């Protein structure tokens, strides 16, 4: 037999693809936030869009990616983003039971540094 049997290799490749497709969405949201529900489908963004996530959990703690920060630290981190030539889109993820003022505090910091790309995450209905 002079040929390599490709069937097991193709099966392995498809199995790995399925495993990565299942685990990738789980890695994206590591902080448990109960997002508000949106009634319409969200607008699709370009694939090359760079994001920076700011999350606020139900207890009111602020997170920069997965790291707990306070408003002063958040102000400094946003200042660093504002100095970039092409700053990323700021994603604000806040629990739906959270007082509205907590979200406005973050939006005020974003506006203070003249970062104009802002995304408020919701759950699709």
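The values are calculated or read from the model by the stated rules, or taken from the named source; none is laboratory data. Remember, predicted model here, so these are calculated numbers, not experimental data. Every residue, glycine among them, receives a Cβ derived from its backbone with ideal geometry; neighbour counts consider all protein chains shown.
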Practice prompt. Identify all residues within segment 92-119 that are surrounded by fewer than 16 Cβ atoms within 10 Å (Cβ to Cβ) and part of a strand (DSSP E or B); write none if there are none.
Written response: 118
Practice prompt. Looking only at segment 67-78, decide whether some residue is under 15 Å from residue 33 (Cβ atoms), at pLDDT 85 or above, touching a strand residue (DSSP E or B) at 6+ places or on another chain (Cβ under 9 Å) and not in a helix (DSSP H, G or I).
Written response: yes
Practice prompt. Evaluate the following for residue 77: is it free of Cβ contacts under 8 Å to residues at least 24 places away in the same chain and closer than 19 Å to residue 31 by Cβ?
Written response: yes
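Can you give me the number of residues within segment 79-91 that are in contact with a strand residue (DSSP E or B) (Cβ under 6 Å, 6 or more places away or on another chain) and in a loop (DSSP other than H, G, I, E, B)?
Within segment 79-91, residues that are in contact with a strand residue (DSSP E or B) (Cβ under 6 Å, 6 or more places away or on another chain) and in a loop (DSSP other than H, G, I, E, B) number 1.
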Practice prompt. Within segment 49-61, work out how many residues are part of a strand (DSSP E or B), touching a residue at least 40 places away in the same chain (Cβ under 8 Å) and farther than 16 Å from residue 80 by Cβ.
Written response: 1
Worksheet item: Among (1) surrounded by 15 or more Cβ atoms within 10 Å (Cβ to Cβ); (2) under 16 Å from residue 34 (Cβ atoms), where does residue 59 come up short?
Response: (1)
